[in-house]
């Protein structure tokens, strides 16, 4: 048994994992990163459009600050988010982006003077202030009150990932590439590392660690059509679930992105609509303002995706030989804009559709995009039930996004969470002696070895690719954008039966070395367990909130469901065990209300009016926004001391008030 | 059905042409394995990419076939291979653009993992360590104040070169890299050009010369420019390499 010891073991080499690794390394700890692919191939690279941070440098961002970003995020989440975490996040996002600016990310910058833009289908001219020249600019995104998505053309995630990955190399952090964690080593109370497998040779390895961090991203591949990379099978969340101790939060909250190209499911960025692109139907009619007069194409993703699907269901979709879809029109943005700000979109259209988006319409249809749910942690990124286990990024549910994530909050979350969780892990390691029980490690190692040997030898009747396709089909048919009790019951039954059939998988290939069939064979039952958490959570939640939409329970029900689903998988169980964690409305800085888009109807919480009065009283009582915030919902104690200072902004005074010398918005409004 | 199944079904229903794939096979972990080509056949279909085709072959004909795809959208650089001898990204290659017989081989130069899978990650990390492909930063920079302004055009020019996805096509298409293992390739040289443009990088030309002023660096380039021909991101490699060579040659004259 080969055993490697490290202070901090980070599983996942995308933005969140690498940033956490750098943070822990800077505190003097030995860090090892495991990644199933070379880290620069991680799905973080696919984030195109932008990173939300309230810098307020560009004209349409004027007046933006932490408060506005916070309110957008909480409304986007449909009040499912942990508001203290959302506060930490919006406070940290400007620091994270400024750090990345120091590290080399070539953020697009404000060009002073007259700039042309497209807003609500009209060409307009914006006159950027001379004082803002060269500062980081931003574009519009869905569900936001201000232009806040800072960007690098439409390769934002790519630039961020390359910069952070190269900084990890600069910090001499070893990344063990093509190594997959198969299980977490734990004693029921404390996580001690992981058993891992070399995907090139098949060799099994043991890693022992003081702190273990899962940063493996989402699990979109349990669906048929997903914008996710094919590696996004949720293995980090799954091995946490398989401890029987760690819990997963809000797994039923699955986001569908409005604009995946049809039928390939490849993402084209929300920046297309943020920059002025429109959605058209079979008659080339712009239909979104009919449903959402306020925000049109730029309502939140859950809302836009639902309107698109129901518009198709009304028979208004365009038809192609592959099925029905709608059109994304970015022709009005012009060739120059597309060639500089939407380059990846242009390439994707050219290579996968054979069209030029400056001249032709792009066929799009919503596809699975993001997993709001994940490993439940506290605000420091640590599991509440399994100490020494941390998680960050899309794999985690510290609960920034609730039931719907805003575009641009994902890459922002990865770096913010990496900065904070890396610090927490360092604190944890420096405060806890790491002792290694070799007997425990051996027990887990031999268990994995035996499971793999058994899988190779047993020659069962079930084919793994067929079971995988059946899972994806069940999830797409019954656990998609629109859900109801009948479909969800059918999904739970079918997924349960597929999980049973996994015990009878037989390999057609040898199962040696890098054999891809073996890999899918051991991943599939883990994916099915995640799928069951999604389906069972969706079945139990008899309301509609954010991306979770029940046709048979169309309203958000704060009186019953202002809570978070927690799923645990006891050893040997056939289904997850669910429990619910209440969200304390009396501690909320922003009590539940209408989101500003989407359905206006909801069933209020009995204490909503009371909390609303308290919030209004505080607003009158306190002179500046910092004092008001502190009085309503203190959160700075959750942050490391080095990150507690206020963020400076152009035209913002020490009291947090915004004073544009030429009056905000001004002539260009 | 997923997109692959939808497209494949469409091909079957519309009586498409038959494609013949000759695929390189070798598993270094298996002592009995010998390098050879296996042949597979498949119906072509409109919209079918090599990502879809290879997955169909794996699902229906040979579950052990090894290849690497991650994003399947032409942005992550995992799936570079030789397609009828030319290095390019498989995921965004439409089968409709290919002849009836398609020969697929792993990229040369890089260590073979198995079949079409090669270890570009290890090569790229070593290159990054050698060339120090990062901006040196102090550990505690001020994160609370306004960021340092940067010229918008300068930022855009840096991004033009930063679009490299480390796929390895330029290395596989390079005469020098095939002959000289330690050559940093257009990928490495382009990164030096990118950091040279960056005002946050404090290195001078003399410092860059220390890194690439040899036959393993810019003076190893024979100007065959296979890199520029095959770069899937259309990076301006010809221009950048020529410019860099001039700048580095100048260091030898003045420094």
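Quickly estimate the mean residue ellipticity at 222 nm for chain A, helices only: each DSSP H run with n ≥ 4 gives -39500 (n - 2.57), and the total goes over all residues, rounded to 500. Rounded to the nearest 500, the figure is -10500 deg cm²/dmol. The Cα center of the stretch B:154-181 and the Cα center of the stretch A:273-320 differ in position by 40 Å.
Value of Rg to Rh for the stretch B:132-254, rounded to two decimals, is 1.00; Kirkwood radius and Rg both from alpha-carbon coordinates.
Taking chain B as a Gaussian network of alpha-carbon nodes connected by springs under 10 Å, the highest mean-square fluctuation of the residues B:98, B:225, B:82 belongs to B:98. The stretch between residue A:603 and residue A:571, if pulled fully straight at 0.36 nm per residue, gains 7.8 nm over its current Cα-Cα span. Between 0 and 90 degrees, the angle of helix A:464-478 with respect to the longest Cα principal axis of chain A falls at about 40 degrees. Extension gain, residue B:182 to residue B:215, is 11.0 nm, computed as 0.36 nm per intervening residue step minus the present C-alpha separation. Residue order for A:122, A:347, fewest other beta carbons within 10 angstrom first, comes to A:122, A:347.
Placing dummy labels 7 Å off each Cα toward the beta-carbon, the span from residue B:249 to residue A:335 is 3.5 nm.
Between the alpha-carbon centers of the stretch B:34-72 and the stretch A:63-130, tell me the distance in whole angstrom. Taking the Cα centre of each part, the stretch B:34-72 and the stretch A:63-130 sit 43 Å apart. Would you work out if the stretch B:3-117 is rounded, prolate or oblate? Take a ≥ b ≥ c from the square roots of the eigenvalues of the alpha-carbon gyration tensor; rounded if a/c is under 1.5, else prolate when a/b is larger than b/c, oblate otherwise. Prolate, since a/c reaches 1.5 and a/b exceeds b/c.
Between residue A:123 and residue A:477, the simple spin-label model (points 7 angstrom out along Cα→Cβ) gives 5.1 nm. Each label point was placed 7 Å from the Cα along the Cα-to-Cβ direction; for residue B:86 and residue A:442 their separation is 5.8 nm. Between residue B:204 and residue A:642, the FRET efficiency estimated from the beta carbon spacing at R0 = 35 angstrom works out to 0.60. If a spin label sat at a point 7 angstrom from the Cα of residue A:655 along the line to its beta carbon, the backbone N atoms of the stretch A:623-637 nearer than 14 Å would be those of A:623-628. Taken along its principal axes, the alpha carbon cloud of the stretch B:1-45 reaches lengths of 43, 22, 10 Å, longest axis first. Taking the fewest neighbouring Cβ atoms within 10 Å as the starting point, the ordered list for B:52, A:214 is B:52, A:214. Between the helical axis of A:66-76 and the dominant principal axis of chain A, each derived from Cα atoms, what acute angle in degrees is found, rounded to the nearest 10? Computed tilt is about 60 degrees. Round to the nearest 0.05 the FRET efficiency obtained for residue A:630 and residue B:154 when R0 = 25 Å and r is the Cβ-Cβ distance. The calculated FRET efficiency here is 0.05. Relative to the longest principal Cα axis of chain A, at what angle does helix A:485-501 sit, 0 to 90 degrees, rounded to 10? For A:485-501 against chain A, the angle is about 30 degrees. Above 43 Å, the calculated P(r) of chain A contains 19 percent of its Cα-Cα pairs.
No value in this document is a laboratory result; all are computed from the given coordinates. Fair warning: this is a prediction, and the values are worked out from it, not measured in the lab. Note that we place each Cβ from the backbone using ideal geometry, even for glycine, and neighbour counts take in every protein chain shown.
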